[in-house]
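Encoded as structure tokens, the structure appears first; notes follow it.
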Amino acid sequence: MINTTIAKLALQALLGRRRFFLLLAFPVLLLGLVALVTALVDGDAAFSVLPNLGYPLVLPLVAILATSSVLGPEVDDGSIVYLLSKPVNRYGIAISKWLVALAATLVAGALPFLLAGPVTGHSTRATALFVAAAVAGTAYSALFLAISAVTRHAVIASLVFVLIWETLLGNLFSGVAWLSIGQWGLRIGHEISDYLPDPANLGYAIVVSLAVTVVGVWFAGDRLRSFSLRGDD
């Protein structure tokens with residue numbers, strides 16, 4: 001159901017907008033900060049930047065930027081109506097756009113954790129955090145794509161979700177870990193290094209991460225099927 005033409009158009013939209021430079025700035029600044037702290041303090045202090053800043057904040061922000069870039073502008077300017085007037089499978093559109101957003105999220109949001117391993121001297125921990133980021137980034141991109149298909153204020157809605165639910169409440173209440181995408185990723189990464197926390201059952205974390213991903217992409221496609229000329233407020 002992957003449509004290569006739609007995927008190419010989504011990639012062009014992602015690379016041809018100012019958001020791309022902001023997307024690129026996140027991993028560059030994160031790795032630069034890690035290198036600076038390593039040089040000024042030590043590898044342990046530098047690595048702590050990754051789970052405390054990079055994972056809970058940079059990763060979801062990258063996912064928001066990526067997903068809003070591949071679908072949001074078309075909803076905002078109404079060009080999505082022209083696209084949907086063509087005989088193209090709606091779920092194929094959603095899957096194609098999600099794959100582009102996912103690729104950008106993995107490269108700009110997850111890969112920096114792996115690259116930071118040799119810099120900080122904690123390659124195993126970095127690998128575990130990379131796996132956690134890949135899992136969480138996959139679910140994030142699907143969820144934010146679904147949100148982009150629902151409202152023109154997808155960036156704001158996604159930010160509220162990340163800042164209030166994932167970050168604030170997730171740190172205050174341990175029970176939120178069972179409903180937190182970021183915590184699911186950390187649980188899976190914990191299998192590689194026990195440096196990462198163990199907030200939930202492994203099987204549960206795998207199943208719900210897959211469920212959010214599948215349902216998110218499916219919902220985006222279903223929403224595109226019912227999209228009308230007046231769009232959404």
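The values are calculated or read from the model by the stated rules, or taken from the named source; none is laboratory data. Keep in mind the model is a prediction, meaning the values are calculated, not measured. Because the Cβ atoms are built from the backbone with ideal geometry, glycine has one as well, and the counts that use them run over all protein chains shown.
For the reader, a short list of remarks on this structure follows.
- Scanning region 176-192 for residues that are of a type in the set (D, E, K, R) and surrounded by fewer than 22 Cβ atoms within 10 Å (Cβ to Cβ) returns a single hit, Glu191.
- Considering residues of region 200-222 that are more than 15 Å from Ser180 (Cα to Cα) and either without any contact (Cβ under 8 Å) to a residue 12 or more places away in the chain or β-branched (Val, Ile, Thr) (or both) only, the residue surrounded by the fewest Cβ atoms within 10 Å (Cβ to Cβ): Val214
- Any hit, region 178-195, residues being at pLDDT 90 or above and touching a His at 6+ places or on another chain (Cβ under 9 Å): yes
- Glu166 meets the conditions (1) at pLDDT 90 or above; (2) charged (D, E, K, R); (3) touching a Ser or Thr at 6+ places or on another chain (Cβ under 7 Å) in every case but one. The failed one is (1).
- Condition met for Leu169 (in contact with a helix residue (DSSP H, G or I) (Cβ under 6 Å, 6 or more places away or on another chain), within 19 Å of Val28 (Cα to Cα) and surrounded by fewer than 19 Cβ atoms within 10 Å (Cβ to Cβ)): no
- Each residue in region 20-53 was checked for being of a type outside the set (Val, Ile, Thr), free of Cβ contacts under 8 Å to residues at least 60 places away in the same chain and assigned to a helix (DSSP H, G or I), and 14 of them qualify.
- Qualifying residue in region 73-88 (condition: aliphatic (A, V, I, L, M) and either crowded, with 21+ Cβ neighbours inside 10 Å or at pLDDT 90 or above (or both)): yes
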